[in-house]
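The structure appears right after this line, and notes come after that.
Here, each number is a calculation from the coordinates, and none is a lab measurement. Bear in mind the structure is a predicted one, so any value in this text is a computation, not a measurement. Here the Cβ is made from the backbone with ideal geometry for all residues, glycine too, and neighbour counts use every protein chain on show.
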Amino acid sequence: MHLTVPSLRARLVLVTCLAYVVVGLTTLAISYQSQETNLRTQLEVRARGDARILAVGAVDNLLTGNIPTLRVLVSSFQSAQGVSYAAVMTGDGRVVASTRAGEIGRRMRRPLATQAHTVKLAGGDIEGVAPIVQSTDLGTALVVLSGSSINQDLQTALTLDVLVRLIGLAIFAILSLVIATLIVGPVARLAQAARDLQHGRLSSRVPMGGGSELSTLADTFNSMAASLEERIRHLSFLASASPSLPALLRDGDNLASVLAEFCAQVRAGGAGLLPLQGPELPALWYESPTGSECWDEAVRGLLGTSTQAVTVPVPGEMVFVAVPVEGAFTEEEQQLIRSFAYAVGVAAENARLFESQQEALQVKDQFLSIVSHELRTPLTAIKGYAQMLHKLLADDPVGRRFADTIDAQTNRLSRIVDDLLDVTRFARAQFELTRKHMDLRPVLTDIVARYEMLTPNYHVVLRLDDEPLEGVWDQERLEQVLNNLISNAIKYSEPHTTVTVMARKERSELVVSVQDQGMGIPPEEQGQLFERFYRGSVDGKTVKGLGLGLYVTRRIVEAHGGTIGVRSVPGEGSTFHFTLPLARRAGSVGVETARSAT
Ligand code: ADP
């Protein structure tokens, strides 16, 4: 069975009212008892008194034998309130006068009364008995008072008493409700605040003033809630700050900005945890060549005795947080700060590594740029001489073939150098497009015709709609894109297969695709093809290449505002497709620098 526990206030009212009822009933019973005893005593006194009066009145009548007068006297008692019976009997026990006519002359078996007394009769009646004495005992006077009057009086008194007590109970209940509210109100507020804390509303406090025990309890509760709130804020800050550090490092390009950002976070989220002041960067970061443990001492010396420092050594560095001594941390808090500071140290170490890696990358890009530039001039000269040799050796077919080979290999080397130069341009955001209004149709026709001539073992076909394919693009760069895609299609296909070049308009875009019947690309590699220096696993060793062609192609397409992708089935062939925006705003013709991400 499920019992619902009433509220504290209801319980208080119930208990006090119950106590009132128990006390009320007990006192009612006692008062009833004493009232009854009182009434009975009064009745006995009266019965004795009435019997005495009858005895005194009967003396003369008995002495003179005036029985009729005696009987009048006896019957006069009957009219008195509460008297149910009165009689006089002589010394020999004979009834000479009685309120019950049938009794006269009868003898009663009762001794003469020697003194006035009472006798309790059945039904609660009281009989008063008094001796009739004049030198000698003349007889006995009897008066019976009815007990029913007592019961009536008691009934009335009891009803009145119960009524008064019920009114008292009602007043008492109201009063106890008021008192219970006064007592329970603050306790209820405390309970509400505790419930708030339980449900995560940490800023909940108990509003209470004065110097009572309850307000002391409220003060204690409030300070406990405040410290709990602070601890939870610190913990959640620690929990949230640590995972955010790697994110900072991904974006940050140098250590100073990472630390500045981190310190800003500490200020915003960890206020109180690390009491940092002043507009300048807090002294969160120190370098120690030794990383020795005596840094604790050194830091204390540096900051003065009013400051306590928690130091954490990390490889090659020292991270520490400083707090005033008055606000010294507990062991547990120090532990937390240590782990937090350790995370900072590790993050900073990563930032440092990231920085040096960036520097190394910069050196590499510079190197590539210089070497490519330096190679370009001699390559142009070699190419020029190879072509001159080709003309000079008009009658020497073997010598001409050698000259052609030199020319072809120089072309290949030139393309590699060009790709390398482009890569360094992208890295330094120095890549530029020279856009002009142009039609891609003749460009496609020329390129396809050239490949048909140069690679007679392959069928290179062009499929175009009749309409012009116009846009504002960089012709030279688009030729480079098409060259890369068509030469790849040939490079990664068997002879006597077909390479199809297509172009069609789709809404505001031009879609160009190069389809081959070659070896295809495994699905897991397709996502990485357009990355720098990526080379596929299939035939990557037999087919020569640097893995830069598709990277440069993507960057050129993206610089035009287009996208590039591939659909491929291993063993069946691949289709590379890219888009170019057809419409361009007026005035956009000219040179522009591409700054898209790597
Ligand atoms: P490279 O050809 O110099 O290796 P690319 O950037 O042009 O570099 O190509 C990257 C990789 O993509 C190649 O190594 C190759 O595995 C794959 N690939 C490119 N084009 C094709 C194609 N048409 N068919 C199959 N694989 C291709």
Q.
Once you order the gyration tensor axes a ≥ b ≥ c over the Cα atoms, which shape class does the range 474-571 get: rounded for a/c under 1.5, otherwise prolate or oblate by comparing a/b with b/c?
A. prolate
**Q.** Footprinting exposure proxy for TYR32, TYR451 (fewest neighbouring C-beta atoms within 10 Å first)
**A.** TYR32, TYR451
(Q) Using the Karplus curve 6.51 cos²θ - 1.76 cosθ + 1.60 with θ = phi - 60°, what ³J(HN,Hα) values do you get for each residue of the range 454-461, in whole Hz, with x for Gly and Pro? (A) 6, 10, x, 6, 10, 9, 9, 10
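Give, in whole angstrom and from largest to smallest, the semi-axes √(5λ) of the equivalent ellipsoid of the range 7-155, with λ running over the eigenvalues of the Cα gyration tensor.
47, 13, 11
Hey, fewest Cβ within 10 Å first, where do LYS391, LYS364 land in order?
LYS391, LYS364
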Q) Taking other Cβ within 10 Å of each residue's Cβ, how do GLU432, GLU374 sort, fewest first? A) GLU374, GLU432
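Assign one of three labels to the range 390-493, namely rounded, prolate or oblate, based on the Cα gyration tensor with a ≥ b ≥ c the square roots of its eigenvalues; rounded applies when a/c is under 1.5, prolate when it is not and a/b is larger than b/c, and oblate otherwise.
oblate
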